[in-house]
1. Can you tell me which residues in segment 553-570 are open to solvent by 50 Å² or more (accessible area, probe 1.4 Å) and either more than 18 Å from Gly183 (Cα to Cα) or outside any helix (DSSP H, G or I) (or both)?
2. Picking from Phe680, Phe673, which residue would you name as being open to solvent by 20 Å² or more (accessible area, probe 1.4 Å), touching a residue at least 60 places away in the same chain (Cβ under 8 Å) and more than 24 Å from Arg614 (Cβ to Cβ)?
3. Quickly run through segment 385-434 and pick out the residues that are assigned to a strand (DSSP E or B) and touching a residue at least 60 places away in the same chain (Cβ under 8 Å).
4. Could you list all residues from segment 844-871 that are β-branched (Val, Ile, Thr) and out of contact with any strand residue (DSSP E or B) (no Cβ under 8 Å at 6 or more places or on another chain)?
5. Would you check if Leu817 is assigned to a helix (DSSP H, G or I) and either farther than 26 Å from Pro234 by Cβ or among the aromatic types (Phe, Trp, Tyr) (or both)?
6. Would you check if there is a residue in segment 687-701 being assigned to a loop (DSSP other than H, G, I, E, B), closer than 21 Å to Glu971 by Cβ, open to solvent by less than 40 Å² (accessible area, probe 1.4 Å) and out of contact with any His (no Cβ under 6 Å at 6 or more places or on another chain)?
7. Please count how many residues of segment 697-711 are farther than 18 Å from Phe746 by Cβ and among the aliphatic types (A, V, I, L, M).
8. Out of segment 468-513, which residues are part of a helix (DSSP H, G or I), farther than 23 Å from Leu352 by Cα and open to solvent by 40 Å² or more (accessible area, probe 1.4 Å)?
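The values are calculated or read from the model by the stated rules, or taken from the named source; none is laboratory data. These numbers come from a predicted model, not from an experiment. All Cβ positions, glycine included, derive from the backbone under ideal geometry; neighbour counts span all protein chains shown. When the accessible area is computed, the model is the full protein with side chains, heavy atoms only, and any ligands, DNA or RNA have been set aside. Shrake-Rupley method; radii C 1.70, N 1.55, O 1.52, S 1.80 Å.
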Amino acid sequence: MGSLESELPFKREGLPRSSSAGRSERHTHLQRPRSRFSLRFLLFKKFDYLQWICTVAVFLFLVVLVQMFLPASVIEKSEDSWNGVDALSGELLHLKETGGLDFGEDIRFEPFRILENFRKKAREFDFSATFNRTQYRFGYRKPQLALVFPDLLVDPQQLLMVTLATALQEMGYKIQVYSQGDGPVHDIYESIGVPVTIFQINQTVETVDWLNFDGILVHSLETKDVFSSLMQEPFKVVPLIWTIHERTLAIRSKQYNSSGQINLVNDWKKVFSRASVVVFPNHVLPIIYSAFDAGNYYVIPGSPAVAWEAETIMASFDGSLRMEMGYGPDDFVIAVVGSEFLYTGLWLEHALILQALLPLFANFQSDAGLNSHLKVIVLGGDSASNYSVAIEVIAANLGYPRDVVINVAAEGDDGSVLRAADLVIYGSFLEEKSFPEILMKAMCFGKLIVAPDLPMIRKYVADRVNGYVFPKENVRALTQILLQVISKGKLSHLACDIASKGKVTAKNLMVIETIEGYALLLENGLKLPSEVAPPKAFIDIRPKLKEEWHWHLFEAFLNSTYEDRSLRSSRFLKKFEEQWNHSQRESHGSIAATSELFSYEIWEEEKKNEMLNRKKRREDEELKDRSDQPHGTWEEVYRSAKRADHSRNELHERDEGELERTGQPLCIYEPYFGEGTWSFLHLGSLYRGIGLSTKGRRPRIDDVDAPSRLPLLNNPYYRDILGEFGAFFAIANRIDHVHKNAWIGFQSWRTTARKASLSRVAEKALLDAIQTERHGDTLYFWARMDMDPRNHNQQDFWSFCDAINTGNCRMAFYQALKRMYGIKHDLDSLPSMPVDGDTWSVMLSWALPTRSFLEFVMFSRIFVDALDTEMYYEHHQSGRCYLSPYKDKHCYSRVLELLVNIWAYHSARQMVYVNPNTGLMQEQHKLEGRRGKMWVKWFSYATLKGMDEDLAEESDSEQSKRRRLWPSTGEVVWQGLFDKERNLRNRQKEKRRQQSKDKLNRMRKKRHQKVIGKYVKPPPEEEIDRSNSTMLASTIL
């Protein structure tokens, strides 16, 4: 399974929040520290002298106005940004003393360092030099991607993902779409060859085996429910790319903090931290989502949302907007727009633009000379500040008539301003990383744009082709351009043609950057297994697939009315908040119950620890039963039986299930790790789960706790590297305590996820074959290699094993067998696995007689010990393994998956395939055809038993001298150990006997004190009273 790492955080240099409490959502995150750009801007050689005089005069006049009208964050500046600048003119020194200016030059976004980190890590993995092994890629299957959506309704984000899916398919990816709701886009995906799965109302995302995919692309905030499954084991390792286009959660997060809903914010932080990479379409969203930043933010610029919105609006545009805004048919409206980032030098840029527009008034004076048909709208600032007052003062001091220049807040309806404008000027000199969205929107509305020659603008706007560009150091050139494009109060024909070409350009602007961004992210981030073919390079995609959005697939829906994604996200968040608040009220209403539950959990934990200790003592006592044991009293027998009964109850074993399993010949164990696998496990009496981790066990179900049976699995390193194979060792360790059936089986939960598990019919057929002893000592399996998704090319056994282990499977077996059998010379060959038209077992789904299973475990323990001896030190320290092209904590688990085939074939066991649907059985690799090909002596019970005893003797004698895995994988049993235990018990018995004799001797030899006098017992008090009364009576008489 591939993985995607993103340890390198998304770095943003200098992002302090504004100190103004009245800021709107759009700008509170966007205040920037000052830069020295203003100094360099004013020192350009080409700056006109007369213009310089006017500008300085405006500066001096506006000093007081800046202090009066602009927000506090504009004037709260330190003097640090001016350090190192000594040679300044008197005017600039005066500007320095008044507080300085900031043109936002230091707004930097460095998400591309994530990709650089990926490349650096890829260069560090030179396995050939480390292991002296050659690694190969076989390309037997395509890399698999899952696209997850909240619904399949029509919106611009779906247009983006359809275009991306088409390009990724061209590169060699295989894509599967999952959605929580259906919609018209369902048919579009199927038309491009992408299968779609819709989660039904009663179906959850927990029914998907996410390990089948090399990467997952999740879209929108509304897919939060999907994270509930992806945040659980074993799906936490699957790389996840989360694309977010909405601002809804960023706005609501402020409400969460102000209302004290910190737990709700923390819950979203966990979701953000689960994503390998969080992708945003622009550089503003990462800032407003900074509260959830987990160091995994990334920006891939480009989206058809602007062009889609423009198409929708223009389809219903009736031309009355200008009249509603108070502009007549003869008015010429110029819109001055700028960056989405708010910085303190913005007012200076607007002042320069307004000064450049002054010469145009000579052509727009009315006959009466009172009103001008030239109107200027400055789109900038925010509604919470007094920026509009500052703009009015600047315009008045430059000589503009009243009401000619107006200011509209940037967070307002910028679409209305752009549609009403005849010409749009980009008045920001900030060099951004992507093309300004406001400028793209103006082009989509068919407006002529005039912009400074910033690198990102020059990349897409060719001067006098699809727009106009002026040098940023020569604002006077802007005036010349405007005088050329405006003729008789209207745009010239040439300018109209250029605006039309700009509209065509904007419709598919930045398509290449978007697709290349995702392709590069996947190419450098996904860690593909060796059997997966690497995708094609981005440059090899046909130009048609990467230069245009797939508008033709959405033509039928462009004029339709669909709910905006932001509205749907708001409704989703509102519903989620209601559910959250309801759960919080319930939790607060049961504080006492929670406290009692907490105490109960402590008691349960203490009880469990006590139970484990008693269980260990019981097992140690049962080991003593191997030799003669003195008989106890009936009272001792009763106490032992009662103690055993309590232990069974504390192990959460259900008596009914235990009785049902005892009465049947077969029990199939299903190993699992984590809560994400629970939905794939069976609950019938034929099956029993075995949890590889104590934390992820199913509640109130009598699953086997593998770590308690095999302490080795408490070590995360061996739990991961053995995988489901560790369950074999756990069951085989003192197997009589947990398994009492004649046959034993195992079935991977992933077999159920692939719908290849045994059906009811197949279960009955298998039980009938076992009870009637139809095939004898047989390996029954129902997951076949030739139908495995990793083996599309129908490879033979060794070729398939090499394909999933970077071509080094044979070498691993070769080295392990040499170490197992102590062979000093080189082997001539490996055990033969012939190509005879039959198939082999995969995915650890098979059944065996219990006695044969123990023999297989005996062989497996020795084999795993040999593998561990060879690979442990390098893999444990660096995570590197020559069986995987990347760091892999499941190093040789893929080799162990196929080990049962080699043992069964060469130990002369029958191998029978059971069709999991029909139950039909077919013998594979018949014994008659194996004669002369099997290594029977190598795999015979006598050979393995001798090797097992040798390892036990070595382990017992050199326990502290040599590190070996073998003693930790099961019981250590050999005759010498029995003798040691018997001798120890005899010595203890002799010691106790001697102690008893010594005690008796001491008692006999003890001196006794002689009797000093005879003791006379006094009469009882009643007799004394009786005698006294008799004497009194006689005296009276």
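1. Correct list: Asn559, Thr561, Tyr562, Glu563, Asp564.
2. Criteria check complete, one pass: Phe673.
3. If the condition is that a residue be assigned to a strand (DSSP E or B) and touching a residue at least 60 places away in the same chain (Cβ under 8 Å), then Leu423, Val424, Ile425, Tyr426 are the ones that fit.
4. Val857, Ile862, Val864, Thr869
5. Yes; evaluated as a whole, the condition is true for this residue.
6. The answer is yes, given that some residue of segment 687-701 is assigned to a loop (DSSP other than H, G, I, E, B), closer than 21 Å to Glu971 by Cβ, open to solvent by less than 40 Å² (accessible area, probe 1.4 Å) and out of contact with any His (no Cβ under 6 Å at 6 or more places or on another chain).
7. 0
8. His493, Leu494, Cys496, Asp497, Ser500, Lys501, Lys503, Val504, Thr505, Lys507, Ile512, Glu513
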